[in-house]
Amino acid sequence: MRKIHDQVLLSATDLIGHINCGHLTNLDIQVINGTLAKPSRWDPLLEILRERGFRHEQAFIDYLRSSGLDVIAIEGVDNAGASVKETLDAMKAGREIIVQGSLRSGRWAGRADILRRVSTPSVFGGWSYEVTDTKLARETKGGTVLQLCLYSEMLAAMQQHQPDFAHVVAPWTKFVPHSYRMADFAAYFRKAKAAVERVTEGQPGRDTYPEPNDHCDVCRWSDSCDKRKREFPRTFCC
């Protein structure tokens with residue numbers, strides 16, 4: 001989540017975070033409004049998972065290259081105009097595999113692990129692209145599906161064609177992707193996306209409480225939330 005010229009820009013992380021915890025979104029809003037400092041947290045386990053995720057993604061990219069496919073990587077980590085243009089140029093040129101494609105539409109932006117060319121016409125010609133994401137989990141989680149929906153929607157705006165499918169490549173699958181029909185999740189995605197946009201549109205931050213949930217294990221705000229729960233425990237009336 002970032003604020004540029006009074007507009008709040010959002011990512012898949014914000015979408016997934018809000019679905020898991022509205023309090024997380026509230027804290028992030030306070031950060032971009034300058035009323036709260038961004039937390040600094042180092043978790044060795046999370047660092048190990050990030051490293052494993054990077055290695056899995058790189059192994060898949062190496063597999064694609066060794067299969068003889070034309071692979072281009074979009075450098076950098078941001079979603080500035082230059083990286084979006086580079087991604088568009090690669091799509092217009094019909095490159096088979098685009099690594100870390102920079103996607104942007106409206107208030108949303110993100111980097112897709114892989115954009116893979118398929119033989120469905122789009123504004124570019126007789127081809128278009130679908131999103132492939134690499135994940136460590138053997139079972140695809142709801143947050144991953146929402147991320148695929150978001151990236152597919154941004155991709156649709158750029159290529160003027162809605163991708164029919166998006167794909168997940170997990171470890172121990174010999175890089176065979178699991179495919180998901182985006183139309184099956186469209187209603188849920190629209191509802192989730194609208195909820196995030198609504199609470200981040202010109203809001204100074206609401207009064208929320210850190211209700212515990214599974215996302216706390218990987219949340220950068222967990223230490224802050226634990227402190228608040230100790231200082232102000234939730235009381236219930238019987």
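The values are calculated or read from the model by the stated rules, or taken from the named source; none is laboratory data. As the structure is a computational prediction, the values presented were derived from the model and not from experiment. Don't worry about glycine lacking a Cβ; one is built from the backbone with ideal geometry, like all the others, and counts go over all protein chains shown.
For region 50-64, a residue qualifies if it is exposed (fewer than 13 other Cβ atoms within 10 Å of the Cβ) and either touching a residue at least 12 places away in the same chain (Cβ under 8 Å) or touching a Lys or Arg at 6+ places or on another chain (Cβ under 9 Å) (or both), and exactly one does: ARG52.
Do any strands (runs of 3 or more DSSP E) lying entirely in region 114-192 carry at least 3 residues that are of a type in the set (S, T, N, Q), surrounded by 19 or more Cβ atoms within 10 Å (Cβ to Cβ) and in contact with a strand residue (DSSP E or B) (Cβ under 6 Å, 6 or more places away or on another chain), and which ones are they?
Hits in region 114-192: 128-134.
One residue is enough: does region 205-214 have a residue meeting the conditions part of a helix (DSSP H, G or I), touching a residue at least 60 places away in the same chain (Cβ under 8 Å) and charged (D, E, K, R)? Even if it seems obvious, please write down each step before you answer.
From region 205-214, those part of a helix (DSSP H, G or I) are 214; that's our starting set.
Filter again for touching a residue at least 60 places away in the same chain (Cβ under 8 Å), leaving 214.
Restricting the remaining residues to those that are charged (D, E, K, R) gives 214.
Scanning region 205-214, I find at least one residue that is part of a helix (DSSP H, G or I), touching a residue at least 60 places away in the same chain (Cβ under 8 Å) and charged (D, E, K, R), so the answer is yes.
So, in region 124-138, how many residues would count as being under 17 Å from the mean Cα position of the chain (by Cα) and not β-branched (Val, Ile, Thr)?
Narrowing region 124-138 to residues under 17 Å from the mean Cα position of the chain (by Cα): 130-137.
Now restrict to residues that are not β-branched (Val, Ile, Thr): 130, 133, 135-137.
So the answer is 5.
For region 193-227, the candidate set comprises residues that are of a type in the set (Gly, Ala, Ser) and surrounded by fewer than 12 Cβ atoms within 10 Å (Cβ to Cβ); within that set, the residue that is modelled with the lowest pLDDT is GLY202. Go through region 157-185 and give me each residue that's under 18 Å from TYR129 (Cα atoms), hydrophobic (A, V, I, L, M, F, W, C) and touching a residue at least 12 places away in the same chain (Cβ under 8 Å). ALA157, MET158, PHE165, ALA166, VAL168, VAL169, MET182, ALA183 - these are the residues of region 157-185 that are under 18 Å from TYR129 (Cα atoms), hydrophobic (A, V, I, L, M, F, W, C) and touching a residue at least 12 places away in the same chain (Cβ under 8 Å). Conditions first: (1) touching a helix residue (DSSP H, G or I) at 6+ places or on another chain (Cβ under 9 Å); (2) closer than 25 Å to TYR129 by Cβ. THR200 passes all but one, so which condition is the exception? With (1) touching a helix residue (DSSP H, G or I) at 6+ places or on another chain (Cβ under 9 Å); (2) closer than 25 Å to TYR129 by Cβ applied to THR200, the lone miss is (2).
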